[in-house]
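Structure first, then comments.
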Amino acid sequence: SESFQAAATISWQLDIWQKIANASHASALDAEASRFNLEATAHTIAASVADTWFALVAERETLRLLSDQAAVSRNYLDLVEFRFSNGLASALEVYQQRSAVAAVEALVPESVATVKVLENTLNLLMGREPGTPIPEVLTLPNLPERPSTGIPSEALRSRPDVRAAELKLIAADHRLASAMADRLPSLSISATAGYQAAEFRDLLDNWFYTLAGNLLAPVFDAGRLKAEADRNRAVVEERFLNWEAALLTAWNEVENELARETGFALSLDHLDGQVELATITLARSRDQYVNGLVDYLNVLSSLQNMQQLERQQIRIQQSLLGSRIDLHLALGGDWSRSLERHVKNESLETEEINDSTESDVKMESVETEAK
């Protein structure tokens with residue numbers, strides 16, 4: 001016998017125990033947690049860019065300082081050589097100052113290489129090719145006022161990683177509720193309507209419908225549903241510990257950065273005073289050496305001490321700015337909420353193809369000129 005049928009079936013489950021709703025909420029929370037993980041990555045990249053930028057500026061400033069210090073050391077060498085030619089200085093003093101000049105000049109190539117490495121690193125973080133020009137900034141900025149931390153527990157909840165851990169905890173709790181509801185009876189209703197006939201030509205003449213309701217409850221499953229509920233309960237406990245660890249880690253990072261910034265600020269204040277005293281000491285020892293009151297070792301020691309303090313001053317200032325960057329990273333913030341995904345459309349793809357073609361043509365012309 002042959003039978004032809006064309007029908008449609010609709011089924012609906014009554015979510016008595018909120019099993020489906022909890023599973024849906026958990027999936028939505030996981031998606032939102034993934035968004036916060038993305039924002040945490042954006043915060044880390046932004047902090048890396050800022051930290052690399054200030055490191056580059058500090059190294060450029062150090063390079064300029066080394067050039068000035070080398071010039072000053074050469075001036076002192078001219079002074080010693082002039083006194084030696086007049087019989088007022090020994091050859092040992094000339095050799096000592098030449099060694100001091102060579103020591104300063106030896107630091108220049110390393111500083112130049114560090115500048116190049118930092119420029120390449122910054123271009124990499126910005127998604128640009130190595131060698132892309134970077135603005136020539138040679139002076140570190142002054143530290144702005146410290147941001148208000150407010151109530152730590154409230155402020156730290158704005159950190160994307162803490163928010164992600166919190167949402168994952170809530171999602172796990174919803175999945176536990178869904179797993180527990182899966183052990184309870186479920187009620188579903190289904191309806192089917194359509195056409196049925198023994199001959200195909202009579203298919204649209206005879207129609208039928210059915211309406212059914214089912215009440216299902218687990219009877220024996222060898223403990224599978226209970227084990228799944230226990231597993232989800234363990235996941236909730238794990239997510240709670242992860243959230244607690246994320247919150248405590250964030251709090252610890254904020255306190256550490258506040259302490260580091262305070263320490264660097266005090267060190268910089270003391271270092272400024274040391275540089276001022278070293279400058280005065282160098283000037284006094286130079287005057288006394290010219291007048292024949294002291295030997296050149298005092299002048300050389302004062303010069304090297306002042307130059308070392310000047311270089312250390314730049315490093316401490318960079319560390320102070322880096323600590324402020326880490327403080328902002330520890331505090332988080334909601335600026336990343338405005339980040340949007342870049343979606344390409346056909347016009348953009350066409351422009352990119354044209355740009356790629358122009359780039360290939362330019363590359364061919366560059367290669368031709370190089371040959």
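The values are calculated or read from the model by the stated rules, or taken from the named source; none is laboratory data. If you're wondering where the values come from, they're calculated on a predicted model, not measured in any experiment. All Cβ positions, glycine included, derive from the backbone under ideal geometry; neighbour counts span all protein chains shown. What goes into the accessible areas is simple: the full protein's heavy atoms, side chains included, and nothing from ligands, DNA or RNA. Shrake-Rupley method; radii C 1.70, N 1.55, O 1.52, S 1.80 Å.
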**Asked** Roughly what angle does helix 346-370 make with the longest principal axis of the chain, taking Cα atoms, 0 to 90 degrees, to the nearest 10?
**Response** 40 degrees
**Complete:** Checked against the positive end of the charge dipole of region 27-70 (+1 on Cβ of Lys and Arg, -1 on Cβ of Asp and Glu, about the Cα centre), the farthest of Leu29, Ala46, Ala58 is Ala58
**Request:** Relative to the longest principal axis of the C-alpha atoms of the chain, give the angle of the C-alpha long axis of helix 160-181, reported between 0 and 90° and rounded to the nearest 10°.
**Result:** 20 degrees
**Prompt:** Counting pairs on different chains as well as pairs 8 or more places apart, how many Lys pairs in the chain have Cα atoms under 26 Å apart?
**Reply:** 6
**Prompt:** Once Rg/Rh (Cα atoms, Kirkwood Rh) is worked out from the coordinates, which option in [x] 0.95; [y] 1.27; [z] 1.05 does it equal?
**Reply:** [y]
**Complete:** If one compares the long axis through the Cα atoms of helix 224-290 with the longest principal axis of the Cα atoms of the chain, the angle in degrees, nearest 10, works out at 10 degrees
**Dipole magnitude (debye, nearest 20) for region 157-282, charges at Cβ of Lys, Arg, Asp, Glu** = 660 debye
**Complete:** Largest fluctuation, Glu119, Glu81, Glu310 only, Gaussian network model of the chain with Cα springs under 10 angstrom, belongs to Glu81
**Message:** About the Cα centre, and with charges only on the beta carbon of Lys, Arg (+1) and Asp, Glu (-1), how big is the dipole of the chain? Nearest 20 debye, please.
**Reply:** 1020 debye
**Message:** Using C-alpha positions alone, give me the convex hull volume of region 196-300 per residue in cubic angstrom.
**Reply:** 401 Å³
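So with the 1.4 Å probe, I'd like the accessible area per residue for the chain, rounded to whole Å².
Roughly 63 Å² per residue, with all protein chains present.
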